[in-house]
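The values are calculated or read from the model by the stated rules, or taken from the named source; none is laboratory data. Please read these numbers as outputs of a predicted model, since none were measured by experiment. So basically every Cβ, Gly included, is an ideal-geometry build from the backbone, and we count neighbours across all protein chains shown.
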Amino acid sequence: MKMNENLAAVHAYLCADGYVIKNPLIQKQKYYVIGFRNTNLTLLKDFQNNFYNVFKIKPHLIEGQRCRIGSKKIYELLTQQFGSFYSWEWKMPKINEKLKRVWLRAYFDCEGWVTCKSHKNRMIGADCVNLRGIKQIQDALNDFGISTKLKKRNNRNIFSLSIFGKENLIKFYNKIGFLHPLKIQKLNMALQDFVVYEWNYPQNDIKLKRFIISLLSSKARIRKDRRAIRIISNKELNLQKLKRGLDNIFKIHSNLNRRVNGIGTVYYELSINRMEDIKKLINKYRIKI
């Protein structure tokens, strides 16, 4: 079979959420089945259409569950050209840049996810039990200038690949992307969250006091045990100005610290820890937290 965009997508779908199987040798009943499991209708239809464009036959689509077809001929074509599609054994084919985009898009549509915790953790991730396969994916992403981190899960034979940082997420968006509607939406949210806002503090003391009250009400969070109020920003200057305002206008002490989250992103945290200061903000200044 000639490798093209349709076959590249079919291959990636089968590696990620598919199966290409036949009956065990000890079983008398013969069967040869190619299937793709997924709950998303957009991906199921895309698999079905790509499969038809390659093999001129449409697999049966069960909405919200899978696409499947029984065919000895197609089973043999796929396994003879690509080998095994089992989770631990599949291999990414040697393909050009254009087809890599298609293959990676289909794979991440199945196995990838997007996390967007505002100003803390914005990333694309994928887990895989196939170390050789996920390393091939890492190399392919690197070909597009997308840096990744790969690590083994503690006490589990699962390998996690992570893409983070604004530049890398933008490259993934432009060069790979998603077809899955919810993953497209989450990636857009993650990219929008990278917009850096410098808080515009008024010079007038009366306006500054109102601004800080409003700022704390919208951005500050109180711990469950109510022993600390915290506010974070990716710009240290925002919190330096807030610290001065709290000290000069409200006579409230605060601490400013540099933090690093689990994937290496730097952010800043201002905390108010004294109980009398917390009560003053909540009871006297009516800070809604």
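Any idea which residue in segment 142-157 is farthest from ILE176 (Cα to Cα), counting only those that are among the charged types (D, E, K, R) and outside any loop (DSSP other than H, G, I, E, B)?
Across segment 142-157, the extreme among qualifying residues is LYS152.
Quick check on segment 199-211. Is at least one of its residues out of contact with any Phe, Trp or Tyr (no Cβ under 8 Å at 6 or more places or on another chain) and surrounded by 15 or more Cβ atoms within 10 Å (Cβ to Cβ)?
Checked against the condition, which is being out of contact with any Phe, Trp or Tyr (no Cβ under 8 Å at 6 or more places or on another chain) and surrounded by 15 or more Cβ atoms within 10 Å (Cβ to Cβ), segment 199-211 yields at least one hit.
For residues that are buried (at least 16 other Cβ atoms within 10 Å of the Cβ) and either touching a residue at least 60 places away in the same chain (Cβ under 8 Å) or within 30 Å of ASN157 (Cβ to Cβ) (or both), tally how many sit in segment 55-76.
Residues flagged as buried (at least 16 other Cβ atoms within 10 Å of the Cβ) and either touching a residue at least 60 places away in the same chain (Cβ under 8 Å) or within 30 Å of ASN157 (Cβ to Cβ) (or both) within segment 55-76 amount to 4.
Does segment 85-130 hold any residues that are among the aliphatic types (A, V, I, L, M) and either part of a strand (DSSP E or B) or over 18 Å from VAL10 (Cα atoms) (or both), and which are they?
VAL114, MET123, ILE124, ALA126, VAL129
Taking the condition of being closer than 23 Å to MET3 by Cα, in contact with a strand residue (DSSP E or B) (Cβ under 9 Å, 6 or more places away or on another chain) and hydrophobic (A, V, I, L, M, F, W, C), how many residues in segment 55-79 meet it?
The number of residues fulfilling the criteria is 6.
If we scan segment 93-109, do we find a residue that is under 30 Å from ILE158 (Cα atoms), in the same structural domain as ILE158 (by TED's automatic domain parsing) and small (Gly, Ala, Ser)?
yes
When GLY165 is evaluated against the numbered criteria (1) at positive phi; (2) under 14 Å from the mean Cα position of the chain (by Cα); (3) at pLDDT 95 or above, which criterion, by number, is the only one it fails?
Status for GLY165: all satisfied but (3).
Out of all the residues in segment 112-119, is one or more of a type in the set (S, T, N, Q) and at pLDDT 95 or above?
no
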